[in-house]
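What follows is a short report on a single structure.
The values are calculated or read from the model by the stated rules, or taken from the named source; none is laboratory data. As the structure is a computational prediction, the values presented were derived from the model and not from experiment. Cβ placement follows ideal geometry from the backbone for every residue including glycine, while neighbour counts extend to all protein chains displayed. Protein only, heavy atoms only, side chains kept; ligands, DNA and RNA dropped before computing areas. Shrake-Rupley method; radii C 1.70, N 1.55, O 1.52, S 1.80 Å.
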Amino acid sequence: MRNRFPPFSLSSYGASWSGNRRIAIVVAAVAGLLGLAVIVALWTGGGNGHQAPDSAAPAPTGSPSSPEAAPKPSSGSGSVPGPPQVAEPVAYAKAAAQMLWSYDTRDTSRDQQLAGMRAWMTTETKYADWASVAGQVPDPVLWSRMADQDQNATAHITEGHYPGAFKQALAEYPSAITEAYIYVVTVNGKQQISWKKGGGGAEDRAVTLAVQCRPNHDCTLAAIAPSVTQ
């Protein structure tokens, strides 16, 4: 049965993430020591964002010029889990991807979903791209339609790794990471979606995340890349 109320789709996000913001985050990750060509190749040239052929993704709601404000903490976070106390980039990215691909409209409002996601973000505004994360949440009308159908999703993570271009950059400039401590991680997995009357389905998912892991601190989420880099 085809899903009439499409789930979150990380792969649909892209156009609304500012090119300048995207490049700035990668520059920070390698301390500005890499050439522009390598930076662009890391985020866009090697991208092969996955879009399941049988699901139409909602349009992103966030934008660099007017990013959606995070709901106040008083709104709660519903079923969204809190961030783990993890200091290893790949482990944190896998947990973040599982959080991003999971939701439950039966007991979580859209504002609660956003509030829960915001708790995973770095507090360093210089590196945080909240618009790229908030843009994954469907607009209020679509969220309401999903809630009418009791739509919910869980995720199973199969693996996470550093993309080849990022590993090459670190090998060439091993000290470059020490300014922002932002790591690029790609995560693969599967999302299981369910709704009323036994409806459901599963889709493969992939996402490339920017994760900040400063020494002696737990990791945080900095941004979601506009396409998947393997």
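Residue-by-condition table, conditions (1) open to solvent by less than 20 Å² (accessible area, probe 1.4 Å); (2) among the polar types (S, T, N, Q); (3) over 25 Å from Thr122 (Cα atoms); (4) out of contact with any Leu (no Cβ under 7 Å at 6 or more places or on another chain):
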{"position": "Ala147", "(1), (2), (3), (4)": "no, no, yes, yes"}
{"position": "Asn152", "(1), (2), (3), (4)": "no, yes, yes, yes"}
{"position": "Leu170", "(1), (2), (3), (4)": "no, no, no, yes"}
{"position": "Ile193", "(1), (2), (3), (4)": "yes, no, yes, yes"}
{"position": "Gly201", "(1), (2), (3), (4)": "no, no, yes, yes"}
{"position": "Asp204", "(1), (2), (3), (4)": "no, no, yes, yes"}
{"position": "Ala210", "(1), (2), (3), (4)": "yes, no, no, yes"}
{"position": "Cys213", "(1), (2), (3), (4)": "yes, no, no, yes"}
{"position": "Ala222", "(1), (2), (3), (4)": "yes, no, no, yes"}
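Do you know which residues across the range 117-137 are within 14 Å of the chain's Cα centre (by Cα) and not in a helix (DSSP H, G or I)? If you could, list the steps in order and put the result at the bottom.
Going through the range 117-137, the residues within 14 Å of the chain's Cα centre (by Cα) turn out to be 117-122, 128-137.
Those that are within 14 Å of the chain's Cα centre (by Cα) and not in a helix (DSSP H, G or I): Ala119, Trp120, Met121, Thr122, Ala128, Asp129, Gly135, Gln136, Val137.
Output the residues belonging to the range 78-98 that are among the hydroxyl-bearing types (Ser, Thr, Tyr) and open to solvent by less than 40 Å² (accessible area, probe 1.4 Å). Before you say what the answer is, go through the steps one by one.
So in the range 78-98, the residues among the hydroxyl-bearing types (Ser, Thr, Tyr) come out as 79, 92.
The answer is Tyr92, and nothing else.
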Q: Six or more apart or on different chains, Cβ under 7 Å: which pairs go from a residue in the range 191-218 that's closer than 17 Å to Arg145 by Cα to one that's among the aliphatic types (A, V, I, L, M)? Could you list them?
A: Ile193/Ala153; Gly199/Met1; Gly200/Ile193
**Q.** Selection count where residues are open to solvent by 30 Å² or more (accessible area, probe 1.4 Å) and outside any loop (DSSP other than H, G, I, E, B), scope the range 158-167
**A.** 6
Q. Residue check: is Ala97 more than 18 Å from the chain's Cα centre (by Cα) and either modelled with pLDDT under 95 or part of a helix (DSSP H, G or I) (or both)?
A. no
Q.
List pairs: first residue in the range 127-149 and of a type in the set (A, V, I, L, M), second residue outside any helix (DSSP H, G or I) and open to solvent by 50 Å² or more (accessible area, probe 1.4 Å) anywhere in the structure, Cβ distance under 6 angstrom, at least six positions apart or on different chains.
A. Ala131/Pro64; Ala131/Pro67
(Q) If Trp143 satisfies all but one of (1) part of a loop (DSSP other than H, G, I, E, B); (2) crowded, with 21+ Cβ neighbours inside 10 Å, what's the number of the condition it fails? (A) (1)
Q) Considering only the range 171-221, how many residues are more than 25 Å from Trp143 (Cβ to Cβ) and aliphatic (A, V, I, L, M)? A) 9
Q) Give me the pairs: first residue in the range 152-174 and closer than 30 Å to Gly200 by Cα, second residue modelled with pLDDT under 85 and not polar (S, T, N, Q), beta-carbon distance under 7 Å, and six or more apart or on different chains, which are they? A) Ala153/Pro7
